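What follows draws every value from the coordinates through simple rules; no lab data is involved. Note that the structure is a prediction, hence the values are computed from the model and not measured. All Cβ positions, glycine included, derive from the backbone under ideal geometry; neighbour counts span all protein chains shown.
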Amino acid sequence: MNLKLAAFVTASTAFVSINPTLQLGSITRLAGRRCTMKRARWIVLTLIVCTMIARSEGGDRDTDQSESQVRKAEEELTSALLRGDVSALGRIYADDYAHIGTDGVLSHKSDRISEFETGLRKITYLRREDVQVSIYGTVALVRDVDTVQGSFRGKDTGGRARATRIWLKQQQGWRLVAAQVTALSPRNE
């Protein structure tokens with residue numbers, strides 16, 4: 001059901017509830033036949049149900065589109081991290097981005113970008129598994145299990161971690177606002 005039809009059905013339903021006498025007069029003469037009150041009620045109920053279906057279909061389509069956009073943004077993030085692309089990370093991270101690492105340390109956009117820019121942090125391998133995306137309007141929650149290898153301050157780092165990332169839809173598109181990573185030990189995988 002398209003948006004114009006949904007708007008018409010919504011307006012018709014609202015009009016019916018505001019002016020029931022006029023509505024009954026027009027519905028009871030539907031297709032040149034007289035309708036019973038019972039049939040008129042079914043017609044009104046059908047209009048209401050159609051309105052609800054039209055609204056839910058539009059929401060599902062928006063959610064599917066948003067999920068697709070977030071998954072694409074996730075791919076761009078993974079690629080930027082592997083390349084150490086600070087320009088791309090600058091676009092992906094929101095200005096108030098916050099990251100809590102496996103060590104519990106809180107860092108912000110400027111910290112994370114600086115680590116890649118100076119070579120303090122390098123990621124050589126990153127695989128994301130069991131990726132789940134939930135959309136809540138303009139907010140997206142991404143949960144997954146990451147396998148990472150790289151280095152930080154010259155020391156090899158890596159392992160498996162459960163990650164949660166929060167994306168916010170802004171004028172520039174989906175921006176990453178927060179991430180939290182918890183290391184997985186072999187017994188809690």
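Observations on the model:
- Among residues other than Gln149 with Cβ under 11 Å from its Cβ, the summed charge is +1 (Lys and Arg +1, Asp and Glu -1).
- Here segment 64-188 is treated with +1 on each Lys and Arg Cβ and -1 on each Asp and Glu Cβ, and its dipole about the Cα centre works out to around 220 debye.
- Sorting the segments 141-151, 100-110 by their residues' average number of neighbouring beta-carbon atoms within 10 angstrom, most packed first, yields 141-151, 100-110.
- Most tightly packed first, judged by the mean number of other beta-carbon atoms within 10 Å of their residues, the peptides 175-181, 120-126, 153-159, 164-170 read 175-181, 164-170, 120-126, 153-159.
- Seen from all directions on average, segment 64-188 presents a Cα convex hull projection of 7.5 nm².
- Cα centroid separation - segment 84-142 against segment 155-184, whole Å: 5
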